[in-house]
Each structure stands twice: as structure tokens, then as C-alpha cells.
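Trainee: The structure follows.
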Amino acid sequence: MFDPSAEAMSPDERAALQRHRLWGLVDRLLAADGVQGRRLKEAGVAGGSDVMLADLRNLPFTTKRDLWDGYPFGMLAVPRDQVAAVHGSSGTRGRPTLVAYTKADLDLWAAMCARSLACAGASPGSIVHNAYGYGLFTGGIGLHQGGVALGATVVPMSGGMTDRQVRMLTDLQADILTCTPAYALRLGEALAEAGVEAPALKAGLFGAEPWSEELRTAIEDVLPIKAMDIYGLSEVIGPGVATECLEQNGLHVNEDHFIVEAVDPGTGEPVEDGTPGELVFTTPTKQALPLLRYRTGDIASLDRGECPCGRTLTRMSKVLGRVDDMIVIRGVNVYPSEVERVLLGSGKVRPHYQLVVDRRTPSVRLLVACEALSDGDPRDELVHALHEALGLTAEVFVLPAGTVPRVEVGKAVRVVSWEDGGPPLPGLA
Ligand code: DLL
């Protein structure tokens, strides 16, 4: 562990720490007198000492809309000249979300990403091949700073230029790979195409997009590694909010800095542990952009049980999907990751696929484009499996190898909408 005193702290001790920190956060939000402070006042909160941990569930939520309304600096809780850096995400709906960090926030972020890397088995001296994009996106710079804080050697590759990535992986003999799961697959394929191996690689930290257990198997088939999941979002800090340990059984949430809840996305009421709900985070120690009960839109369940790794941090399940990424096909609701599970679980197709929602007529169709693993036509079997598992009627298109776009840079786009004109992928009728 990077920080055993925090990661293996007794739950009671941690609760006391969270309560103390929450108190400080409420006071800072009230003093900053922004939208979050005003909502606290409206809710009758006059000071941090009014708020117990158990009261958190009654405090007002914060949403992405608040960040958009305050864009770019309207939600700062510190003077602008204390902002050391900004990051953000291009956003799934095209609107940028910008977040700010003080120097202390950057130090916290580095420590959180160092914890993540250590969770995956990295240690001082490890060589971390970092193929997350550098720039406004938090993946590249977040893991970079985490690697430096851990005492590892960071190779700042960013995304794309896959030939050069293969060269560096083999020349430098990295033991840890960090990138999106879709790019990990692409790198595995590229190593095979180049006829080279990366024997030093032992683990990967893959995140920034949903990925199923079946995709984990596919990655571990093409790369000689254990594939671990890392979760985070710019608004909360970036990567390093939660990470899987080598047990590969849920992601430990760094609860001493990110208090997590799971709520019903419709009512906002808490759901039971073990039940999927929308993740909500409170950031009691962040300075520039502290958030109270931020609604992430990400669906996962929480597990407060013990983990053999010794960390006492609550675990979240893999993210099932985003509230706003759910596809509704003639009354049946599915997340793309559920379709991924069925496709890859069949053992008949390559781990590259694309879902196309054909909206050209009022009766919406779901088209599933994939590539067969071997000769033979798995179409009927996949249509049947999707119907059996998800109650979903989909049309499956088995395309020639290499037709489904591979992801080289940025996040995988699993679903595209076909509104008019020609098909978004060749071969879809
Ligand atoms: O994606 C931060 C990150 C970078 C996480 C690198 C992990 C690794 P954003 O660009 O703000 O930040 O996007 C955040 O991505 O709300 C989720 O919907 C999704 N997401 C992030 N990690 C995972 C994951 C980064 N492990 C949004 N599984 C989040 C599923 C994830 N979805």
C-alpha cells in the first residue's frame, strides 16, 4: 500500500476523520458563499458543527449543471490566483466541464494516483508506460504525477502512434501499463502484429470508460498482465478516486478524501449496499473545487465487506454504465456494457464491437457490429444470446476483420446514432 495508515485504517477511525473533514468542508462552502453554500443555508445549516456524517444524506446535491452554470470559474472556493492548474473533460454531450486545482489539490491527486498504482502492484522503481492522453483530460497527467509520487519511472506516451508505443514497451521493458481498456486491447493486438512480446509487463490500470469482466478476460488474453480497473472523474479529482487491488473484486474508494454514497437515480434516496445506484461523492479535503454530494451519473453498487488485501476502504463494483448512456430499444433498457458482456462471453467474436442505434424510422433498431473470431457465422447465436440475456431484439452484423474502428486516442465510443444518410459503418444495411 502507498499509505497503509489511511488505506487500512479502522472504519470507526475513518468515520471520525470523515466527520471532522466534512465539518471543515461545510464551513468552507458557507464562507465561499457560492451556489453550494447558499443551498446549505437554505437547508438550515449554519456551520459545519451542525452536520453529522449520518446527516449527509439530507444535504443538497450538486450536479454537472451547476458546473456548467458556473463555467469556467464560478464555483471556485479559493481566490483565482491560487488555482495551480485546470483540467476537464470534453463531455459525453459535447459541453466541456472545467475543474480547478490548487497546489495542495495537485498533491492530493498525485497521492491518490500513487495509491492506485500501488494497488495494481507497482512499487518505487517500477516502469510505468502511461498511454492515457495528456492535456486537459485528467488521465495522462494524473497517472503521471501518481507515478512520480510513488517513485516509479514514468514513460509519458499519451495516446496514439501505436507503433512507437510498441517500440517503447519493448525497449524500456515497462512492468505497468496505464491506458483505456480499449487501447490496451489495441496495444495487445499491435504487439502480436509486430511479432514481439512484452514479458516484463505484469499489471495494467485501465479506466475512463466502462468495461466488463469479459473485456478483462480479452485483455488478459492478449497481454501478459493482470488487468485492474481504475475509476475517477474530473469533477471529483480525475483518476484515483477508486481502484481495484490484485483481488480484482471491486474498486477501493479512497473514502478518507471522497465520501461515497449510492442513491436511486430517480428519487435520490440511498439504496442498500449491494444494490446498483448512482454514485454520489463528497470531497471533504479538496480546496479549489470542493463538492458536496456530487451526482456522477455513474451506476455501481457498494460493498463494505472485508477485502483480503487488507484495505478497509469500501469497494464499488465495476461501473455498469452511465444513467444517460442507457439505450432504450422498444421499451427494453440496456447499458452498452451489458451487450459487451454477452458478445464477448459468447467466445465467438473479437473484443471490438460497435452499437448503432438506427433512428431513421420511428421504430428504433439496435444494430450490433462485430467481427468473428473464426470461420463460421455466429449471427443467429448472438441474436439469440442477446435476447435470452437482456430481452433485447438486436440485429447482428458480422463484419470483415479490421472493419470495426479500433480506439487509438481518447475514450471508446461504443454507441453511435444513425439519424439519416449512409450507415456509420460500412456493411450495415
Ligand atoms: O475519465 C478520469 C479517469 C482517467 C479515470 C483515467 C480513470 C482513468 P472524465 O473524463 O471526467 O474523467 O470522465 C469521467 O468517465 O463519470 C465515468 O462515466 C467514466 N469512467 C471513468 N472511469 C471509469 C471506469 C476520467 N473505470 C467519467 N469504469 C465517469 C467506467 C468510468 N466508467
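The values are calculated or read from the model by the stated rules, or taken from the named source; none is laboratory data. The structure displayed is predicted, hence computed values, not measured ones. Every residue, glycine as well, gets a Cβ built from its backbone with ideal geometry; the counts of neighbours run over all protein chains shown. Note: areas computed on protein heavy atoms with side chains; ligands, DNA, RNA excluded. Shrake-Rupley method; radii C 1.70, N 1.55, O 1.52, S 1.80 Å.
Trainee: Only one of these conditions is not met by E306: (1) within 16 Å of the ligand (Cβ to nearest atom); (2) open to solvent by 50 Å² or more (accessible area, probe 1.4 Å); (3) within 24 Å of G250 (Cα to Cα). Which number is it?
Mentor: Result: E306 fails condition (1) only.
Trainee: Only one of V155, V148 is more than 17 Å from the chain's Cα centre (by Cα) and under 23 Å from A100 (Cβ atoms). Can you tell me which?
Mentor: Of the residues listed, the single one that is more than 17 Å from the chain's Cα centre (by Cα) and under 23 Å from A100 (Cβ atoms) is V148.
Trainee: So, in segment 322-367, of the ones that are over 12 Å from V416 (Cβ atoms) and among the polar types (S, T, N, Q), which residue ends up least open to solvent (accessible area, probe 1.4 Å)?
Mentor: Top of the filtered list is S337.
Condition check ((1) among the acidic types (D, E); (2) surrounded by fewer than 21 Cβ atoms within 10 Å (Cβ to Cβ); (3) within 16 Å of the ligand (Cβ to nearest atom); (4) in contact (Cβ under 8 Å) with a residue 40 or more places away in the chain) across all residues:
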{"site": "D69", "(1), (2), (3), (4)": "yes, yes, no, no"}
{"site": "A100", "(1), (2), (3), (4)": "no, no, yes, yes"}
{"site": "A104", "(1), (2), (3), (4)": "no, yes, no, yes"}
{"site": "M112", "(1), (2), (3), (4)": "no, no, yes, yes"}
{"site": "I127", "(1), (2), (3), (4)": "no, yes, no, yes"}
{"site": "M157", "(1), (2), (3), (4)": "no, no, yes, no"}
{"site": "Q165", "(1), (2), (3), (4)": "no, no, no, no"}
{"site": "L169", "(1), (2), (3), (4)": "no, no, no, yes"}
{"site": "L172", "(1), (2), (3), (4)": "no, yes, no, yes"}
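Trainee: Which condition does L246 not pass, out of (1) among the hydrophobic types (A, V, I, L, M, F, W, C); (2) more than 15 Å from the ligand (Cβ to nearest atom); (3) surrounded by 17 or more Cβ atoms within 10 Å (Cβ to Cβ), if it passes all the others?
Mentor: Just one mismatch for L246, condition (3).
Trainee: Separate question: Taking the criterion of being away from the ligand (no atom under 16 Å from the Cβ), without any contact (Cβ under 8 Å) to a residue 12 or more places away in the chain and not in a loop (DSSP other than H, G, I, E, B), would at least one residue in segment 181-189 satisfy it?
Mentor: Checked segment 181-189: no residue is away from the ligand (no atom under 16 Å from the Cβ), without any contact (Cβ under 8 Å) to a residue 12 or more places away in the chain and not in a loop (DSSP other than H, G, I, E, B).
Trainee: Go through (1) away from the ligand (no atom under 14 Å from the Cβ); (2) more than 24 Å from L343 (Cα to Cα) and name the single condition G146 misses.
Mentor: (1)
Trainee: What are the residues in segment 194-236 that are more than 9 Å from the ligand (Cβ to nearest atom), under 23 Å from V413 (Cα atoms) and touching a Ser or Thr at 6+ places or on another chain (Cβ under 8 Å), if any?
Mentor: G204, S212, M228
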